[in-house]
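J.: First the structure, which I've put down as structure tokens, then a few questions once you've had a look.
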Amino acid sequence: MKAKTTQGREIDLKPETLDVLRMRLRGPVFAPGDLGYEESRTVWNAMIDRKPAGIVRCLGNADVIACVQFAHDHGILLCIKGGGHNIAGLAAADGALMIDMSLMRGVWVDPHKKLARAQAGCLLGDVDRETQVHGLAAVLGFVSPTGIAGLTLGGGFGYLTRRWGWTTDNVIAMNVVTADASLVRASSDENADLFWGLRGGGGNFGVVTGIDYVLYPVGPEVVGGIVAWPTSEAPRVLELYRTLAEKAPPELTLVALVRPAPPAPWLPKEMHAKPIVALLACYSGRPEEGEKIVAPIKALGKPIGDVLVRRPYVQMQTLLDATQPKGRRYYWKSEYLSSIEPALCEKVIEHAARIRSPFSAVILFQIGGALNRLNAEHSPVGNRDARYLLNITSSWEQAGADEPNIAWAREAWEDMKSFSTGGTYINFLTGDEGPERIAAALGKGVRRLAEIKAKWDPQNMFRTNRNIKPS
Ligand SMILES: Cc1cc2nc3c(=O)[nH]c(=O)nc-3n(C[C@H](O)[C@H](O)[C@H](O)COP(=O)(O)OP(=O)(O)OC[C@H]3O[C@@H](n4cnc5c(N)ncnc54)[C@H](O)[C@@H]3O)c2cc1C
């Protein structure tokens, strides 16, 4: 079978060569045609269709070490799959040896020290469920099948970010298999340069096999959910969003969405696919307080649906899952914002009215709070001036409809990017966004990342990511 080297040359990977690797592993190896190969190689975004030469579902550090050693010895390109949710499909590369982490999903919680140790193949839901057994939570994202590794290595934000910062601000150590196939620990005491780089610099420095998170008391019940109105109410609803968000306590996170209504059971059938505006809220403090704070949302006009109620935190963490299924086609554009201006709200409404598919949306995430309090040099995730994130999410089903749906997102972004802080979220970059957008995401951190890369991966073995070349 054909494989690719790190230099992009095509080489023959003989079955007996792959057998040598097989003998060193506990986890299964898949070649094209094997049962399991298709499931591993496919990622969330159906726009991506890449075929690795071979796939290993690793069962522990030892398997990861064997893969990195094998790739090193044969000069073969490596790619790493966490949850496979990256929109640019960075987990899969043609001709590469894919390290699929999906069997490494253990989570160990120390409720006394308020720490969770998670294997890097975990999805967000794995960590949420195990930590909530103890009434604790890590700062993770909004959609439970997202991988913790990609999310954390690129920054990470969710309903708890306003209280405790980027996900990566709340990591205390990682285990990493580096380019020379050794297993090292990265923390502020051990390999501190590597630890700095991993907190926003992505998978540039090795295969992360475990992540240790600080946990906080959350739930088990929060006040959370969503309220929706017909789009004619959008000016009033976005004005409420703007003013409520500005004075919201850190326990409250608000998200505004303008989009065609999904076919959700809590929305009247006749409204499905019709334009709506919705506010998503989560108050992670005392529920009694949360009910008072979200009251103005529930009192606005005549909602067509209202499921903003007390609910378990783990359920809150899955509320959006059905709107983001694996296997659709996706294209996003994103910008950080320092505030929500009325003029931006007008643009959001204008561009949402031009959406070309029932699955697309313009979304405003509120993230300001704790992340703004650390200094820019704390870690490469940076963007310490970001208070909101504008996410123009185009999503559709047919390959033949790529062009108008991508064009819609690009046009909306062109018209709204002037509101940006100048920064963007590295984890939301699509495949056509290159080095200048990586620089916008990582800012001045790029130079230091290149130096760290030169020390830990001088041959640029880990390159199928938002790649920072060694300096
Ligand atoms: C539906 C959806 C919802 C999302 N919601 C949020 C959200 O609420 N908050 C947020 O911050 N982000 C969110 N994201 C963005 C998300 O953080 C990124 O897509 C992230 O890359 C996903 O991580 P993954 O492990 O699933 O990705 P993958 O596609 O598996 O990997 C992404 C990148 O990380 C690398 N990588 C993966 N695992 C490892 C590892 N063990 N060691 C080294 N490198 C590794 C991969 O090689 C690749 O370069 C969302 C994405 C989607 C599609």
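The values are calculated or read from the model by the stated rules, or taken from the named source; none is laboratory data. This is a predicted model, so every value here is computed, not measured. Note that we place each Cβ from the backbone using ideal geometry, even for glycine, and neighbour counts take in every protein chain shown. With ligands, DNA and RNA removed, areas are computed over all heavy atoms of the protein, side chains included. Shrake-Rupley method; radii C 1.70, N 1.55, O 1.52, S 1.80 Å.
J.: Per residue, how much accessible area does segment 2-100 have with a 1.4 Å probe, in Å²?
T.: I get 42 Å² per residue for segment 2-100.
J.: Let me ask you something else. In Å², what does the accessible area per residue of segment 329-471 work out to with a 1.4 Å probe? Could the numbers behind the result be given before it?
T.: Details: 5930 Å² over 143 residues.
For segment 329-471, the per-residue accessible area is 41 Å².
J.: I need to check one value: relative contact order of the chain, counting alpha carbon pairs closer than 8 Å and at least 6 residues apart, in percent. Walk me through the numbers before you get to the answer.
T.: On the way: 1132 pairs, mean separation 73.2, N = 471.
Normalised by residue count, the contact order of the chain is 16 percent.
J.: Mind computing the radius of gyration and Dmax over the alpha-carbon atoms of segment 2-100? Å is fine for both.
T.: When restricted to the Cα atoms of segment 2-100, Rg and Dmax are 12.4, 35 Å.
J.: Rounded to the nearest percent, how much of the accessible area of the chain (1.4 Å probe, protein heavy atoms only) is carbon and sulfur?
T.: 53
J.: Follow-up. Please tell me which of these pairs span more than 18 angstrom C-alpha to C-alpha: Lys114/Lys292; Lys114/Lys247; Lys269/Lys347; Lys333/Lys469; Lys444/Lys469; Lys2/Lys326?
T.: Details: Lys114/Lys292 29 Å; Lys114/Lys247 30 Å; Lys269/Lys347 28 Å; Lys333/Lys469 24 Å; Lys444/Lys469 15 Å; Lys2/Lys326 28 Å.
Exceeds cut-off: Lys114/Lys292; Lys114/Lys247; Lys269/Lys347; Lys333/Lys469; Lys2/Lys326.
J.: A follow-up question, please. Report ³J(HN,Hα) in whole Hz for each residue of segment 28-35, in order, from the Karplus equation J = 6.51 cos²θ - 1.76 cosθ + 1.60 where θ = phi - 60°; Gly and Pro get x.
T.: x, 10, 10, 9, x, x, 6, 4
J.: Under 18 Å Cα to Cα from Lys14, which aspartates and glutamates show up? Leave out anything in the same chain fewer than 8 places away.
T.: Asp34, Asp73, Asp94
J.: Still on this model: Whole angstrom only: what separates the Cα centroid of segment 45-64 from the Cα centroid of segment 136-171?
T.: 23
J.: Would you mind calculating the gained length between Gln398 and Gln459 on full extension (0.36 nm times residue separation, minus the Cα-Cα distance), in nm to one decimal?
T.: Working: separation 61, 0.36 × 61 = 21.96 nm, distance 3.98 nm.
Result for the pair: 18.0 nm of gain on full extension.
J.: If you don't mind, another one. Divide the volume of the convex hull of the Cα atoms of the chain by its number of residues and quote the answer in cubic angstrom per residue. Don't skip to the answer; put the middle values down first.
T.: Working: hull volume 63.6 nm³, N = 471.
So the per-residue Cα hull volume is 135 Å³.
J.: Additional query: What whole-number distance in Å separates the alpha-carbon centres of segment 184-242 and segment 307-345?
T.: Each part's Cα centre sits 13 Å from the other's.
J.: As a check on your grasp of the helix formula, calculate [θ] at 222 nm for the chain: sum -39500 (n - 2.57) over DSSP H runs of n ≥ 4, divide by the residue count, round to the nearest 500. The partial results should precede the final answer.
T.: Working: 15 runs with 130 residues, N = 471.
Theoretical 222 nm ellipticity from helices: -7500 deg cm²/dmol.
J.: Can you run phi through the Karplus equation (6.51, -1.76, 1.60; θ = phi - 60°) for segment 407-423 and list ³J(HN,Hα) in whole Hz, with x for Gly and Pro?
T.: Residue by residue, segment 407-423 yields 4, 4, 5, 5, 5, 4, 5, 3, 7, 10, 5, 5, 7, 5, 6, x, x Hz.
J.: Sticking with this structure for a sec: I'd like to compare 303-311, 425-433: which one has the highest average count of other Cβ atoms within 10 Å, and what's the full order after that?
T.: Packing proxy ranking, top to bottom: 425-433, 303-311.
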